[in-house]
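Single-structure report; data block below.
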Amino acid sequence: MSKQPKQIAIYGKGGIGKSTTTSNISAALSDMGYRVMQFGCDPKADSTNTLRDGASIPTILDLLREKKKVDAHEAIFTGYNNIYCVEAGGPAPGVGCAGRGIITAVQLLKQQRVFEELDLDYVIYDVLGDVVCGGFAVPIREGIAQHVFTVTSADFMAIYAANNLFKGIQKYSNAGGALLGGVIANSMVHPYQSEIVDDFVRRTHTQVMQYVPRSITVTQSELGGKTTIEASPQSTQAAIYRQLARRIDEHHQSAVPHPLEPSELRDWAASWADTLVAIESGEVREAVGAGI
Ligand SMILES: Nc1ncnc2c1ncn2[C@@H]1O[C@H](COP(=O)(O)OP(=O)(O)OP(=O)(O)O)[C@@H](O)[C@H]1O
Ligand SMILES: [Mg+2]
(Lines give C-alpha, C1' and ligand atoms only; values in the text may rest on other atoms or scores of the structure.)
(Ligands and ions follow the chains in the order given, each with its own letter.)
Protein backbone atom coordinates (compact mmCIF):
# COMPACT_ATOMS: atom_id res chain seq x y z
CA MET A 1 0.00 0.00 0.00
CA SER A 2 1.31 3.45 -0.82
CA LYS A 3 1.98 5.87 1.99
CA GLN A 4 -0.37 8.72 2.83
CA PRO A 5 1.17 12.19 2.71
CA LYS A 6 1.17 14.37 5.81
CA GLN A 7 -1.42 17.05 5.04
CA ILE A 8 -1.05 20.48 6.57
CA ALA A 9 -3.17 23.62 6.29
CA ILE A 10 -1.79 27.10 6.87
CA TYR A 11 -4.38 29.69 7.88
CA GLY A 12 -4.26 33.35 8.83
CA LYS A 13 -5.76 36.75 8.26
CA GLY A 14 -5.53 38.22 4.75
CA GLY A 15 -2.10 39.62 3.92
CA ILE A 16 -0.47 38.25 7.07
CA GLY A 17 2.17 36.20 5.25
CA LYS A 18 0.52 32.80 4.63
CA SER A 19 1.74 32.31 1.07
CA THR A 20 5.24 33.59 1.82
CA THR A 21 5.56 31.34 4.85
CA THR A 22 3.96 28.33 3.14
CA SER A 23 6.22 28.62 0.10
CA ASN A 24 9.31 28.83 2.26
CA ILE A 25 8.17 25.80 4.29
CA SER A 26 7.58 23.87 1.05
CA ALA A 27 10.98 24.92 -0.29
CA ALA A 28 12.72 23.93 2.95
CA LEU A 29 10.93 20.55 3.14
CA SER A 30 11.87 19.81 -0.47
CA ASP A 31 15.50 20.67 0.35
CA MET A 32 15.25 18.08 3.13
CA GLY A 33 14.49 15.52 0.42
CA TYR A 34 10.72 15.33 0.77
CA ARG A 35 8.28 15.18 -2.12
CA VAL A 36 6.04 18.19 -1.60
CA MET A 37 2.87 19.57 -3.14
CA GLN A 38 1.75 23.12 -2.34
CA PHE A 39 -1.96 23.55 -2.87
CA GLY A 40 -3.21 27.14 -3.01
CA CYS A 41 -6.81 27.47 -1.78
CA ASP A 42 -7.24 31.15 -2.47
CA PRO A 43 -9.31 32.47 -5.38
CA LYS A 44 -6.41 34.93 -6.00
CA ALA A 45 -4.43 31.86 -7.07
CA ASP A 46 -1.04 33.39 -6.19
CA SER A 47 0.06 30.95 -3.50
CA THR A 48 2.74 29.20 -5.54
CA ASN A 49 4.11 32.20 -7.48
CA THR A 50 7.41 32.46 -5.60
CA LEU A 51 8.06 28.77 -6.23
CA ARG A 52 7.85 29.45 -9.98
CA ASP A 53 9.84 32.64 -10.58
CA GLY A 54 6.77 34.78 -10.01
CA ALA A 55 4.69 33.08 -12.71
CA SER A 56 1.00 32.21 -12.30
CA ILE A 57 -0.55 28.89 -13.28
CA PRO A 58 -4.04 27.98 -14.50
CA THR A 59 -6.32 26.95 -11.67
CA ILE A 60 -8.33 23.75 -11.34
CA LEU A 61 -11.59 25.70 -11.36
CA ASP A 62 -10.51 27.61 -14.49
CA LEU A 63 -9.79 24.33 -16.22
CA LEU A 64 -13.11 22.87 -15.10
CA ARG A 65 -14.92 25.90 -16.49
CA GLU A 66 -13.19 25.41 -19.84
CA LYS A 67 -14.07 21.74 -20.18
CA LYS A 68 -16.00 19.08 -18.34
CA LYS A 69 -13.31 16.49 -17.95
CA VAL A 70 -9.96 17.61 -16.62
CA ASP A 71 -6.94 15.41 -16.23
CA ALA A 72 -5.46 16.40 -12.85
CA HIS A 73 -2.00 16.53 -14.42
CA GLU A 74 -3.08 19.55 -16.45
CA ALA A 75 -3.36 21.48 -13.20
CA ILE A 76 -0.05 20.35 -11.67
CA PHE A 77 3.07 22.37 -12.40
CA THR A 78 6.53 21.90 -11.00
CA GLY A 79 8.42 24.66 -9.28
CA TYR A 80 11.60 25.05 -7.23
CA ASN A 81 13.20 21.69 -6.48
CA ASN A 82 10.35 19.86 -8.24
CA ILE A 83 7.72 21.01 -5.77
CA TYR A 84 4.30 20.27 -7.25
CA CYS A 85 2.29 23.49 -7.48
CA VAL A 86 -1.51 23.52 -7.68
CA GLU A 87 -3.99 26.38 -7.40
CA ALA A 88 -7.62 25.56 -6.67
CA GLY A 89 -8.82 28.93 -7.92
CA GLY A 90 -12.26 30.21 -7.12
CA PRO A 91 -15.69 31.07 -8.42
CA ALA A 92 -16.16 34.24 -10.44
CA PRO A 93 -16.08 37.15 -7.92
CA GLY A 94 -19.42 37.55 -6.17
CA VAL A 95 -20.69 34.20 -7.40
CA GLY A 96 -20.67 30.82 -5.66
CA CYS A 97 -18.84 29.48 -2.66
CA ALA A 98 -15.05 29.39 -2.45
CA GLY A 99 -15.30 26.47 -0.03
CA ARG A 100 -17.11 24.33 -2.59
CA GLY A 101 -14.37 25.23 -5.04
CA ILE A 102 -11.77 23.85 -2.66
CA ILE A 103 -13.71 20.61 -2.24
CA THR A 104 -14.05 20.23 -6.03
CA ALA A 105 -10.35 20.86 -6.54
CA VAL A 106 -9.20 18.44 -3.83
CA GLN A 107 -11.66 15.79 -5.03
CA LEU A 108 -10.28 15.99 -8.56
CA LEU A 109 -6.80 15.12 -7.31
CA LYS A 110 -8.03 12.46 -4.88
CA GLN A 111 -10.31 10.73 -7.40
CA GLN A 112 -7.43 10.46 -9.84
CA ARG A 113 -5.20 9.17 -7.03
CA VAL A 114 -2.61 11.82 -7.70
CA PHE A 115 -1.13 11.93 -4.19
CA GLU A 116 -0.33 8.23 -4.36
CA GLU A 117 0.93 8.39 -7.91
CA LEU A 118 3.30 11.26 -7.10
CA ASP A 119 4.35 9.48 -3.92
CA LEU A 120 4.00 12.67 -1.92
CA ASP A 121 5.36 13.13 1.58
CA TYR A 122 3.63 16.47 2.16
CA VAL A 123 0.60 18.32 0.85
CA ILE A 124 0.50 21.86 2.20
CA TYR A 125 -2.71 23.85 1.77
CA ASP A 126 -2.43 27.64 1.80
CA VAL A 127 -5.92 28.74 2.81
CA LEU A 128 -7.42 32.17 2.44
CA GLY A 129 -8.63 34.13 5.38
CA ASP A 130 -11.23 33.73 7.91
CA VAL A 131 -13.25 30.72 9.02
CA VAL A 132 -16.23 32.98 9.73
CA CYS A 133 -17.31 31.82 6.27
CA GLY A 134 -17.92 28.07 6.46
CA GLY A 135 -16.28 27.61 3.07
CA PHE A 136 -12.85 28.38 4.42
CA ALA A 137 -13.28 25.76 7.14
CA VAL A 138 -13.42 23.09 4.42
CA PRO A 139 -9.85 21.77 4.86
CA ILE A 140 -10.52 21.46 8.60
CA ARG A 141 -14.09 20.22 8.41
CA GLU A 142 -13.71 17.70 5.63
CA GLY A 143 -10.68 16.05 7.20
CA ILE A 144 -8.59 17.16 4.22
CA ALA A 145 -5.75 18.34 6.47
CA GLN A 146 -4.56 16.68 9.68
CA HIS A 147 -2.63 19.56 11.17
CA VAL A 148 -3.41 23.26 11.06
CA PHE A 149 -0.89 26.03 11.63
CA THR A 150 -1.84 29.66 11.75
CA VAL A 151 0.26 32.64 10.81
CA THR A 152 -0.29 35.69 12.97
CA SER A 153 1.44 38.91 13.81
CA ALA A 154 0.98 40.70 17.12
CA ASP A 155 -1.71 42.92 15.57
CA PHE A 156 -5.08 42.55 17.15
CA MET A 157 -6.94 41.77 13.92
CA ALA A 158 -4.51 38.96 13.13
CA ILE A 159 -4.96 37.51 16.62
CA TYR A 160 -8.71 37.95 16.29
CA ALA A 161 -8.61 35.89 13.06
CA ALA A 162 -6.46 33.22 14.77
CA ASN A 163 -8.94 33.06 17.63
CA ASN A 164 -11.79 32.58 15.11
CA LEU A 165 -9.84 29.78 13.50
CA PHE A 166 -9.46 28.15 16.94
CA LYS A 167 -13.24 28.31 17.32
CA GLY A 168 -13.66 26.57 13.96
CA ILE A 169 -11.16 23.85 14.90
CA GLN A 170 -12.84 23.34 18.26
CA LYS A 171 -16.25 23.10 16.61
CA TYR A 172 -15.26 20.35 14.19
CA SER A 173 -12.84 18.51 16.48
CA ASN A 174 -15.46 15.97 17.64
CA ALA A 175 -16.31 15.15 14.04
CA GLY A 176 -12.74 14.17 13.14
CA GLY A 177 -11.69 17.60 11.87
CA ALA A 178 -8.10 18.80 11.74
CA LEU A 179 -6.42 19.87 14.97
CA LEU A 180 -4.07 22.71 15.72
CA GLY A 181 -0.32 22.23 15.49
CA GLY A 182 0.61 25.74 16.53
CA VAL A 183 1.11 29.37 15.71
CA ILE A 184 3.71 30.92 13.42
CA ALA A 185 4.51 34.38 14.78
CA ASN A 186 5.27 36.45 11.69
CA SER A 187 6.63 39.95 11.18
CA MET A 188 8.21 40.14 14.61
CA VAL A 189 10.14 43.39 15.01
CA HIS A 190 9.88 44.45 18.66
CA PRO A 191 10.19 42.15 21.68
CA TYR A 192 6.74 43.20 22.92
CA GLN A 193 5.25 41.63 19.78
CA SER A 194 6.53 38.16 20.63
CA GLU A 195 5.35 38.78 24.21
CA ILE A 196 1.83 39.43 22.92
CA VAL A 197 1.82 36.26 20.81
CA ASP A 198 3.33 34.26 23.71
CA ASP A 199 0.59 35.46 26.01
CA PHE A 200 -2.12 34.61 23.46
CA VAL A 201 -0.84 31.05 22.92
CA ARG A 202 -0.54 30.51 26.68
CA ARG A 203 -4.15 31.55 27.20
CA THR A 204 -5.41 29.45 24.29
CA HIS A 205 -3.34 26.36 25.25
CA THR A 206 -1.33 26.20 22.10
CA GLN A 207 2.28 26.90 21.12
CA VAL A 208 4.52 29.05 18.95
CA MET A 209 6.20 26.98 16.23
CA GLN A 210 8.58 29.75 15.20
CA TYR A 211 9.16 33.48 15.55
CA VAL A 212 9.72 34.87 12.05
CA PRO A 213 11.16 38.38 11.95
CA ARG A 214 10.01 40.96 9.46
CA SER A 215 12.93 40.99 7.04
CA ILE A 216 13.99 42.89 3.96
CA THR A 217 15.42 39.63 2.61
CA VAL A 218 11.84 38.38 2.24
CA THR A 219 10.89 41.52 0.33
CA GLN A 220 13.93 41.28 -1.97
CA SER A 221 13.28 37.60 -2.64
CA GLU A 222 9.62 38.21 -3.41
CA LEU A 223 10.46 41.06 -5.79
CA GLY A 224 12.72 38.61 -7.62
CA GLY A 225 9.83 36.13 -7.79
CA LYS A 226 11.44 33.68 -5.37
CA THR A 227 11.23 32.27 -1.88
CA THR A 228 13.91 33.33 0.59
CA ILE A 229 15.10 29.71 0.70
CA GLU A 230 15.86 29.86 -3.02
CA ALA A 231 17.00 33.47 -3.38
CA SER A 232 19.04 33.79 -0.23
CA PRO A 233 19.79 30.33 1.19
CA GLN A 234 22.67 31.57 3.39
CA SER A 235 20.59 34.28 5.06
CA THR A 236 19.46 34.23 8.69
CA GLN A 237 15.87 34.41 7.45
CA ALA A 238 16.31 31.23 5.37
CA ALA A 239 17.73 29.48 8.46
CA ILE A 240 14.62 30.53 10.38
CA TYR A 241 12.32 29.10 7.70
CA ARG A 242 14.39 25.88 7.68
CA GLN A 243 14.02 25.58 11.44
CA LEU A 244 10.26 26.10 11.11
CA ALA A 245 10.09 23.37 8.46
CA ARG A 246 12.07 21.00 10.71
CA ARG A 247 9.71 21.67 13.60
CA ILE A 248 6.71 21.00 11.38
CA ASP A 249 8.35 17.81 10.15
CA GLU A 250 8.93 16.66 13.74
CA HIS A 251 5.42 17.64 14.80
CA HIS A 252 2.94 14.79 15.16
CA GLN A 253 0.55 15.60 18.00
CA SER A 254 -1.90 18.40 17.26
CA ALA A 255 -4.55 19.41 19.78
CA VAL A 256 -7.82 21.26 20.26
CA PRO A 257 -7.09 24.90 21.09
CA HIS A 258 -9.06 26.86 23.71
CA PRO A 259 -10.34 30.00 21.96
CA LEU A 260 -11.06 33.08 24.03
CA GLU A 261 -14.66 34.24 24.37
CA PRO A 262 -15.34 37.68 22.82
CA SER A 263 -15.35 39.40 26.23
CA GLU A 264 -12.12 37.63 27.28
CA LEU A 265 -10.47 38.68 24.04
CA ARG A 266 -11.55 42.29 24.56
CA ASP A 267 -10.28 42.34 28.16
CA TRP A 268 -7.05 40.69 27.09
CA ALA A 269 -6.51 43.30 24.35
CA ALA A 270 -7.31 46.15 26.74
CA SER A 271 -4.78 44.87 29.29
CA TRP A 272 -2.13 44.81 26.58
CA ALA A 273 -3.03 48.35 25.56
CA ASP A 274 -2.29 49.42 29.15
CA THR A 275 0.95 47.45 29.20
CA LEU A 276 2.12 49.05 25.94
CA VAL A 277 1.43 52.52 27.32
CA ALA A 278 3.45 51.59 30.39
CA ILE A 279 6.31 50.27 28.22
CA GLU A 280 6.30 53.47 26.19
CA SER A 281 6.46 55.66 29.27
CA GLY A 282 9.28 53.54 30.69
CA GLU A 283 7.14 52.43 33.64
CA VAL A 284 7.41 48.78 32.64
CA ARG A 285 10.35 47.08 30.99
CA GLU A 286 9.66 45.36 27.68
CA ALA A 287 9.50 41.56 27.63
CA VAL A 288 7.93 41.26 31.06
CA GLY A 289 4.50 40.33 29.72
CA ALA A 290 1.15 41.77 30.54
CA GLY A 291 1.26 40.13 33.97
CA ILE A 292 -2.47 39.68 34.18
N1 LIG B 1 8.52 38.00 7.54
C2 LIG B 1 8.30 38.87 6.55
N3 LIG B 1 9.18 39.87 6.29
C4 LIG B 1 8.95 40.76 5.30
N5 LIG B 1 7.87 40.73 4.49
C6 LIG B 1 6.96 39.75 4.70
C7 LIG B 1 7.11 38.77 5.72
N8 LIG B 1 6.05 37.93 5.67
C9 LIG B 1 5.27 38.37 4.65
N10 LIG B 1 5.80 39.46 4.07
C11 LIG B 1 5.27 40.24 2.94
O12 LIG B 1 3.92 40.57 3.21
C13 LIG B 1 3.17 40.54 2.01
C14 LIG B 1 1.96 39.62 2.17
O15 LIG B 1 2.44 38.29 2.30
P16 LIG B 1 1.65 37.07 1.70
O17 LIG B 1 1.23 37.31 0.29
O18 LIG B 1 2.47 35.87 1.99
O19 LIG B 1 0.37 37.11 2.65
P20 LIG B 1 -0.93 36.21 2.55
O21 LIG B 1 -1.37 35.98 3.96
O22 LIG B 1 -0.70 35.02 1.71
O23 LIG B 1 -1.91 37.21 1.84
P24 LIG B 1 -3.33 36.89 1.16
O25 LIG B 1 -4.29 36.73 2.28
O26 LIG B 1 -3.57 38.12 0.35
O27 LIG B 1 -3.16 35.65 0.35
C28 LIG B 1 4.09 40.08 0.90
O29 LIG B 1 4.53 41.19 0.15
C30 LIG B 1 5.25 39.43 1.65
O31 LIG B 1 6.48 39.53 0.98
MG1 LIG C 1 -1.71 34.36 0.01
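Please identify the pairs in which a residue from segment 176-195 that is on the phi < 0 side of the Ramachandran plot has its Cβ atom under 6 Å from the Cβ atom of a residue that is modelled with pLDDT under 95 and buried (at least 24 other Cβ atoms within 10 Å of the Cβ), counting only partners at least 6 apart or on another chain.
GLY177/ILE140; ALA178/ILE140; ALA178/ALA145; LEU180/ILE169
Mind listing just one residue for me: the one in segment 8-46 that is over 24 Å from PHE156 (Cα atoms), among the polar types (S, T, N, Q) and within 14 Å of ligand 2 (Cβ to nearest atom) and, of those, surrounded by the most Cβ atoms within 10 Å (Cβ to Cβ)?
SER26
Quick one: which residue in VAL123, VAL70, VAL95 is at pLDDT below 90 and at negative phi?
VAL95
Do the conditions hold for GLY143, that is, is it farther than 24 Å from THR275 by Cα, in the same structural domain as ILE16 (by TED's automatic domain parsing) and crowded, with 21+ Cβ neighbours inside 10 Å? Before you say what the answer is, go through the steps one by one.
Working: farther than 24 Å from THR275 by Cα: yes; in the same structural domain as ILE16 (by TED's automatic domain parsing): yes; crowded, with 21+ Cβ neighbours inside 10 Å: no.
In short, no.
Which condition number in (1) touching a residue at least 12 places away in the same chain (Cβ under 8 Å); (2) out of contact with any helix residue (DSSP H, G or I) (no Cβ under 6 Å at 6 or more places or on another chain); (3) in a loop (DSSP other than H, G, I, E, B); (4) more than 10 Å from ligand 2 (Cβ to nearest atom) is the one that ASP62 fails?
Failed condition: (3).
Considering only residues of segment 207-245 that are assigned to a loop (DSSP other than H, G, I, E, B) and open to solvent by 30 Å² or more (accessible area, probe 1.4 Å), which is nearest to SER56 (Cα to Cα)?
So, considering only residues that are assigned to a loop (DSSP other than H, G, I, E, B) and open to solvent by 30 Å² or more (accessible area, probe 1.4 Å), the one nearest to SER56 (Cα to Cα) is LYS226.
Tell me, which residue of segment 65-83 that is within 20 Å of SER26 (Cα to Cα) and part of a helix (DSSP H, G or I) is least open to solvent (accessible area, probe 1.4 Å)?
Taking segment 65-83 and keeping what is within 20 Å of SER26 (Cα to Cα), we get 73, 75-83.
From what's left, part of a helix (DSSP H, G or I): 73, 75, 80-82.
Details: HIS73: 84, ALA75: 1, TYR80: 47, ASN81: 79, ASN82: 107 Å².
Result: ALA75.
Can you confirm whether THR50 is touching a helix residue (DSSP H, G or I) at 6+ places or on another chain (Cβ under 9 Å), hydroxyl-bearing (Ser, Thr, Tyr), closer than 20 Å to ILE229 by Cβ and not in a strand (DSSP E or B)? Walk me through it before giving the result.
Numbers: touching a helix residue (DSSP H, G or I) at 6+ places or on another chain (Cβ under 9 Å): yes; hydroxyl-bearing (Ser, Thr, Tyr): yes; closer than 20 Å to ILE229 by Cβ: yes; not in a strand (DSSP E or B): yes.
It is true that THR50 is touching a helix residue (DSSP H, G or I) at 6+ places or on another chain (Cβ under 9 Å), hydroxyl-bearing (Ser, Thr, Tyr), closer than 20 Å to ILE229 by Cβ and not in a strand (DSSP E or B).
Across segment 1-28, what is the total count of residues that are touching a Lys or Arg at 6+ places or on another chain (Cβ under 7 Å) and assigned to a loop (DSSP other than H, G, I, E, B)?
Count: 1.
The values are calculated or read from the model by the stated rules, or taken from the named source; none is laboratory data. Everything quoted here is computed from the prediction, not taken from an experiment. All Cβ positions, glycine included, derive from the backbone under ideal geometry; neighbour counts span all protein chains shown. Ligands, DNA and RNA are stripped out before the accessible areas are found, and what is left, the full protein with its side chains, is counted by its heavy atoms. Shrake-Rupley method; radii C 1.70, N 1.55, O 1.52, S 1.80 Å.
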